[in-house]
6 protein chains.
Amino acid sequence: MKIMVINPNSSIAMTEHIAHVLNKIKGCDMELTVTHTPDVPPAIESAYDEALCVPGVLKLIEKANREGYDAAILACFSDPGLEACREISNILVTGIEETSMHVAAMMGAKFSILTMNQERVPAKVREGRRFKLEHSMASARPLGMSVAETDSEPERAREQIMRVARQAVECDGAEVIILGCAGMAGYAEGISEELGITCIDPTSVTLKITEALVAAGVKHAKRGFFATPPSIRRAAVTTKKAAK
Amino acid sequence: MKIMVINPNSSIAMTEHIAHVLNKIKGCDMELTVTHTPDVPPAIESAYDEALCVPGVLKLIEKANREGYDAAILACFSDPGLEACREISNILVTGIEETSMHVAAMMGAKFSILTMNQERVPAKVREGRRFKLEHSMASARPLGMSVAETDSEPERAREQIMRVARQAVECDGAEVIILGCAGMAGYAEGISEELGITCIDPTSVTLKITEALVAAGVKHAKRGFFATPPSIRRAAVTTKKAAK
Amino acid sequence: MKIMVINPNSSIAMTEHIAHVLNKIKGCDMELTVTHTPDVPPAIESAYDEALCVPGVLKLIEKANREGYDAAILACFSDPGLEACREISNILVTGIEETSMHVAAMMGAKFSILTMNQERVPAKVREGRRFKLEHSMASARPLGMSVAETDSEPERAREQIMRVARQAVECDGAEVIILGCAGMAGYAEGISEELGITCIDPTSVTLKITEALVAAGVKHAKRGFFATPPSIRRAAVTTKKAAK
Amino acid sequence: MKIMVINPNSSIAMTEHIAHVLNKIKGCDMELTVTHTPDVPPAIESAYDEALCVPGVLKLIEKANREGYDAAILACFSDPGLEACREISNILVTGIEETSMHVAAMMGAKFSILTMNQERVPAKVREGRRFKLEHSMASARPLGMSVAETDSEPERAREQIMRVARQAVECDGAEVIILGCAGMAGYAEGISEELGITCIDPTSVTLKITEALVAAGVKHAKRGFFATPPSIRRAAVTTKKAAK
Amino acid sequence: MKIMVINPNSSIAMTEHIAHVLNKIKGCDMELTVTHTPDVPPAIESAYDEALCVPGVLKLIEKANREGYDAAILACFSDPGLEACREISNILVTGIEETSMHVAAMMGAKFSILTMNQERVPAKVREGRRFKLEHSMASARPLGMSVAETDSEPERAREQIMRVARQAVECDGAEVIILGCAGMAGYAEGISEELGITCIDPTSVTLKITEALVAAGVKHAKRGFFATPPSIRRAAVTTKKAAK
Amino acid sequence: MKIMVINPNSSIAMTEHIAHVLNKIKGCDMELTVTHTPDVPPAIESAYDEALCVPGVLKLIEKANREGYDAAILACFSDPGLEACREISNILVTGIEETSMHVAAMMGAKFSILTMNQERVPAKVREGRRFKLEHSMASARPLGMSVAETDSEPERAREQIMRVARQAVECDGAEVIILGCAGMAGYAEGISEELGITCIDPTSVTLKITEALVAAGVKHAKRGFFATPPSIRRAAVTTKKAAK
C-alpha cells in the first residue's frame, strides 16, 4: 500500500514533523510519502491562504494518481480543495478535518474543535456544516496562542490546551475534543486521561482510517459530486485521439 | 490486536458466514473471534427482535472486556443496544450501521440504504437521525426479498439489488449505496462498477475501521453519554470492599 | 375504559407512588392498573438499565393486549422500548416522555427537561431528537440529587428544583419545565406559580392525554414504523393452522 | 368544565356542524359552547381571510376569559391568531391544527395533511415549521375539491380523499393522515381501516386533548412568547387606578 | 418609481421620523409616500397589537395597487401581515424584517437582533424560523429600554445599545447586528465602527433593496404561497360580469 | 459609485455579454467595469475549475480595492472564492449566487436552481447549505444542454428551460426559478409570464442589489469570518515599518 500525505503549505519543518509522527504509526507493509506544496504560504490561516495553496495541491494529487499511489491525504485542518482533489482523482483522497470529525461524531455525544485563534471560530463552525455534521458539533474554541508560541512554550501550551478543552467539556457539553491545528499535535493523550473524554489528533487518526479504507476497497464515488471535470475528460479524449 | 465480532441473533449459519468473510480481510496480526447471542431470535427484523437480543449482547460485551479484547463489533445492521454496550465497556465498541453510515457520508454527496422490506424503511430513516447523519442520507429503499429468497435465488437477488440501487441513484441522488442487510453481502463490487458509484458492505468496512481506531488508540468517551452506569459503579465499589 | 400503567423498573415503592398519584386524577369511569416489571433493576439510570428492563415490559404489553385493556402507558421518563411495544400492540401505547414533550412544545416557545444527574443530560438531548422535537427543546439540566436524596430531604429538593428550573428559564429561554424524574413528582405547581411558567408532571399529564386519545379513538398506526414484527405474524399463522 | 369552541369564520352552517359532532363526544360533565366570529368571511382560504377574522376571534377570547370558561379552542385548520389569543388569555387556548399535528407526530413515523387545493400546500408546509414539527411531516397534498363539492358529492369526496390519502402513504411515507379541512370531516374511520394507518379528525381530537389538559391543570406559559401585551397591562393598571 | 412605505401603527411621530430618514437616502427619481394605519394602536409590541393593525395595512396595500405604486414596504420590525399583503398585491411588497435579515445573513457568519424587551425575544427567534434563516441567526437580545426612554435619554440609549451589541458579538458570535426597533434608529454607524462589525438599520436598507428589486423587475411569485385569495378572485369575476 | 464586475473565467465573449446586459440596467450615476481573470479555464464547470480561477480573482479584488471601487461582484454562479475575496477586501464583495438565492428566498415559498448538467446538481444543493438557505431551496435541476448548445440553438434552449422550470414548479413546489448559468441569460421574463412564478437572472439582480447596499452604506463585517488574513496584516505592518 502506497499513501501520499500532502502538507498544503510550504513549511518544511511541519512536513518533517508530520512525517516523523506518521512513520511511527503507519502499517508495516505501507510505503508512506509526506510532501508539501511549493511556492505557497508557509502556514494556512485564512480562506485566502487556502485559495493560494490549492492549485499546488491539485498538482500533487495528479502526481499521486500518475505514480501509482493508493490514496492521498490532505494534512491541513481545513481540508483545502478536498472536493476539487476528489474530482480529478481516481484514487481515494481523504482530508484530516472531514475524517476526524466523523470519527469524533462516533466516539461521543458531541465534539468540539480547538482552533488557533478567535477569528477562525466561524470558519470551523462552517466546516461542521460543510461535512453535514453540525448536529454532532458542540463548539469551536480558540486556543489564543500562535503556532510559534506553542512551539516555544510547550508547558504553557499544554496548560492552555487543557484549559480550553475543559471549557468545551463543561460549558458546551463536548465529550470528544479534536486538536484542530498542527501546533497542538502531541497533547491528545494527556487530555483524554485528565478529562475522561476522547481527544483526537487528526493526522494520526486519518492515516489509520485511510489505510483501512484502502484495505476495504472503498473510495469516493466518481458520479455526481466528485465526477471528473468536463475539461479533464475533454483533454483525455484529445490526448487519446492524438495518440492514434 | 484482538477483536470480538458479535452477531446479535442466534443464527449459526450467519455467524459462520460473517467469520468466513472477515477472516479473508482481517489484519495479519489480528486475532478475530466471531460469536453470536444464544437463546434469541434467529433474525432481527423489528425493534421487538432487537429488544429481545440486547441483554445477551451485553453479556458478550462484558466477556470481551474481561477477556482482554481490544474492541467489539456489533454485526447487525441496526446496531442494537450500541449505546448500552458502550456504557458498560472500557474497550471500544463499534456498530456496523453507524460506522458504514459515516464512511458513506464521506464518500459521496448522499448515501442510500438498501433494506429488506418496505416496513423497515422508516426505521432506517430514523437510524439516520440516531447517528445525526440525516443530511447525508438520500433515502432508504426496500429490496422486497427475504433473506431466505436472496439465499436461494442469488441471480434474482443480484438483479433486484441492482435495480433498487439504480433507483436510489437516479431518483434520490444517492452516490453511495449501503447494503443494509446480511442477505446482500457479496454484491458490493458489482454495483460499484456498473453504476459508477461507491457501494459499501458494512461488516467488512467496519472491521477495517475498527482495526484502525484500535491502532490509533481511539475509543468512545466514558464521560456523559457513554458513562458507566451507576448500578455498575456501585457494584464495583461493593465488590472492592468485599475483597478487602 | 381500562388502562395499564407500567413502571418499567422493579421498585414497588415507586409503583405504589404512581398508583397513588394517578388514582386521584383518573377519569371517573376508568379502570386503572399500575404494575411493574419483575426481576429487573429497581431504578433506570442508564441505557444499560433500560435494555435489561424492556423484555419484561414487552410481556406486560402482551398481557394488556390479551386482557382487554384500551391502552398502556410506559411510566419511566425515557420511554424504554416504546417502539417495540407499539410493534407488538394492537392497543394504544403511550410513553410519559414523548407525551409530555409534545404537550410542553405546545405550551410555550421552548421547554427544558430537569433530569437527575449531569451524565443523563446528553441522553435527554438525544430523546428530543428521538421524538423530533429538538427545535422546541431549550436544554436539559441536572438536579444534582439522587432519588434517595430528594426523598429524604424534600425541602432541599424543592429549593434545588426551583434553582435549576430558574436557570433553565433565565439562561436557556425555557418557558415550560418538564420534571423528568419520579423524584421530582409533586413540585410542579409551586414552580409554575413562582416562575410564571408552565411546569409539567409527566405521569399525570400522560394519563389524561391517554384517556383523551382512547376516547377519540386514536391509536398508533400499524403500518411501517410500528408494524407487527414478522416473527409475531408468522407465529400467529402457525398457531391458527395448528388450531384447525 | 366549560369550553368555548370558536369557528373563526362567519358560517353558521359550519358552526352548527361542529357543535353537532362535538356534542356527541364531549365529556359528560362538560359545558360546551360553539360559536363563530361575526362580520367576517364565511370561509378561510388564505392568509388574507385569516387576517380579517382574527380581530373578531380575539373578542371571543376576551369573552371566554370574562365568562369563566376553562379553555377556548380555535376550530379552523390554520389556527388563525393562536399566538395573539394566548397573549391575551389567562385560560388555556388550543388550536386544532397545532394539537392534531402533535398527536399525529406521536402516532406514526410521519404524517401528511390533506388540504383543499394546491395553492394551500405551501401554507400547510409552513405551518409544520410554525409548530416546529417539520421533521415529522411527510407532505401536504391537495384534495382538489371545494367544500361545496364535498358537500354535494359525498361519494366522490370519499373516493377522492381515499385516493389522495393513499398517495401520501405510498409516495410520501405517511403513516398518519390529518384531514385538514372541515369538508373532510367524517371520513377518518374509513381511511384508517382501508389503509391500515391512523387518520385524524382535528376538531374531535382537539376537544378531547383540551379536556385532558384542563383536567391536568396545564395551560400555556404566560412568560415570554405568550406574555400579556404591554398595552393590555397598561390598560389594566389604568382601570385599577380609576377604580380606586 | 413610486413606493409606499406603510407604518403599521398609528403613531404620526414615528411616521414622520421614517419619512425624514428615508427622504434623505431615496433614489433621485423616486416618488416616496410614507403613511400609517389609522385607528390602531400607536405601537406594536405583541402579536395581539399586530393582529389589530393588519386589516388596516391590507387596505393601504389595496390603495397602493389601485394608485399605481411600484412597491409597498411594511415598516415595522415584525412584518405584520406580510404574507396576506402579498396575496392581495400585484405589486412587490417587502418587509423591513425579512429584508434586513437576508441582508444580514450575507454580510457575516451570523447576525443578532436587538429588540426592546426580554419578552419579545422568543418572537424574534420565531421570526428567524418564519423566514427560514434560523441557521444564520446568532441570537436576539433585549435592550431593556422602552421607545419612550430611548427618545428621552439618547446618551443612555447609545451606551445600552453598544453594551448589548457587544454581548451579541462576544457571547453569541454575531458579526452583524440588526437594530430591530424604531427606537434604535440612527445608532448603526457608531456600532459598526466601534465593534468592527456590520450594523443594519432595517428601514433604510429595505428602501434601497426595494428600489433595486423594482429596477430589476423582480416581484413575489403569484402562484402558491402568495396566490390571490379565492374570495378576491370570485369578487373580481362578479365585478367583471356586472360591468358587462 | 464605481463597481467592478469580475467574470472569474477567461472567456472574453462571456465578459462582453455580461457588460452588454449590465450596461443597460446600471444606475445612471454608476461607473461600471466588467473584467475577467486571465490565464484560467474559459468556463467553470467543476470545483477543480474554480480552484484554478480563484487566485486570479483575488488579484482583481486587490486591484478593485487599490483603485477606489465601491464594490466588486463575482459573476459566476458558484461564487468561487467569495469568502477569500471578502477576507482581503475592505470594499463590499457580492456573489451572484448568494445574492440571487437570498432574493429568491424572499419572493416565494421555495426556489429551484436550473444548472447545466446532471453532475452539477449535488454541487448546487451544497451551495444552498453554504449560504444556509437549504430550507428555502426546493431543488436543483439540470438543463441537459451545454453552453455551446444553448448559444447555437436558442429556440431549443428556450423550450428546454421552460420544460425544466415547469418540472421544478410542478414536481418540487418551486415558486421562484434561478437561471443558474450564463447560457440561460435572457430567458427570465418569458418563464415568469408563462408559469406565473418569479424567474431570476442572477447577474442583473445582483448588480442592482449591490448598488443598493453601497448606497445604504452596508458592507460585509471585517471581524471573524471575513477578518483580514494574518499574513496580509503582517505584510501591512512590514510595509509600514519599511516606509518609515
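Structure summary
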quantity	calculated
Carbon + sulfur, % of accessible area of chain E - ligands and nucleic acids excluded, 1.4 Å	52 percent
Per-residue average of Cβ from other chains inside 10 Å of A:204-213	6
Estimated D of the protein assembly as shown in µm² per second, where Rh is the Kirkwood radius over Cα pairs and Stokes-Einstein applies at 37 °C, 0.692 mPa s	98 µm²/s
Accessible area (Å², 1.4 Å probe, nearest 10) - D:GLU50	40 Å²
Delta accessible area of at least 10 Å² on complex formation, residues of the stretch A:64-90, 1.4 Å probe, chain isolated as reference	A:GLU83, A:ALA84, A:ARG86, A:GLU87, A:ILE88
Exercise: per-residue mean of other protein chain Cβ atoms within 10 Å, A:125-138	4
Too-long pairs where the Cα-Cα distance tops 21 Å, listed order kept, from B:LYS110/C:LYS124; A:LYS59/F:LYS132; F:LYS2/F:LYS26; D:LYS59/E:LYS63; B:LYS132/E:LYS110; A:LYS222/B:LYS24	B:LYS110/C:LYS124; A:LYS59/F:LYS132; D:LYS59/E:LYS63; B:LYS132/E:LYS110; A:LYS222/B:LYS24
Alpha-carbon spread of chain C, three principal axes, descending order, Å	66, 38, 35
Amide H within-cut-off set for E:HIS36, under 5 Å, with H built and near neighbours excluded	E:ASN7
Ranking by accessible area, most exposed first, for D:CYS85, B:CYS181 with a 1.4 Å probe	B:CYS181, D:CYS85
F:ASP39, C:ASP151, ranked by accessible area, largest first (probe 1.4 Å)	F:ASP39, C:ASP151
R0 of 41 Å, Cβ-Cβ distance A:ARG234-E:CYS28: FRET efficiency to nearest 0.05	0.25
Percent of C-alpha pairs per 10 Å bin, the stretch F:7-81, short to long	19, 51, 27, 3
Pairs of alpha carbons in the stretch C:4-147 whose separation is greater than 23 Å (percent)	37 percent
Per residue, in Å², the accessible surface of chain D once ligands and nucleic acids are set aside, probe 1.4 Å	37 Å²
Surface accessible to a 1.4 Å probe, F:LEU60 within the full protein complex, Å²	20 Å²
Cα-Cα P(r), the stretch F:98-202, percent of pairs per 10 Å interval	17, 55, 27, 2
Relative contact order, percent, chain B [alpha-carbon distance under 8 Å, six or more residues apart]	20 percent
Charge tally in the Cβ shell below 13 Å around B:ALA216, where Lys, Arg are +1 and Asp, Glu are -1, B:ALA216 excluded	0
Protein heavy-atom accessible area occluded, E/F pair - total, 1.4 Å probe, Å²	3400 Å²
Cα-based helix-to-principal-axis angle, E:12-25 vs chain E, degrees rounded to 10	80 degrees
In degrees, nearest ten, helix F:121-130 long axis to first principal axis of chain F (Cα)	50 degrees
At least 20 Å² of accessible area lost relative to the chain alone, listed for the stretch B:156-179 with a 1.4 Å probe	B:VAL169, B:GLU175
Nearest 10 degrees, 0 to 90: helix D:96-107 Cα axis against chain D principal axis	50 degrees
Residue-count net charge about A:THR94 - beta-carbon cut-off 14 Å; Lys, Arg +1, Asp, Glu -1	-2
Proximal charge balance of B:MET4 [Cβ under 10 Å; K/R count +1, D/E count -1]	-1
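The values are calculated or read from the model by the stated rules, or taken from the named source; none is laboratory data. The structure displayed is predicted, hence computed values, not measured ones. As a convention, Cβ positions derive from the backbone with ideal geometry for all residues, glycine included, and neighbour counts pool all protein chains shown. Note: areas computed on protein heavy atoms with side chains; ligands, DNA, RNA excluded. Shrake-Rupley method; radii C 1.70, N 1.55, O 1.52, S 1.80 Å.
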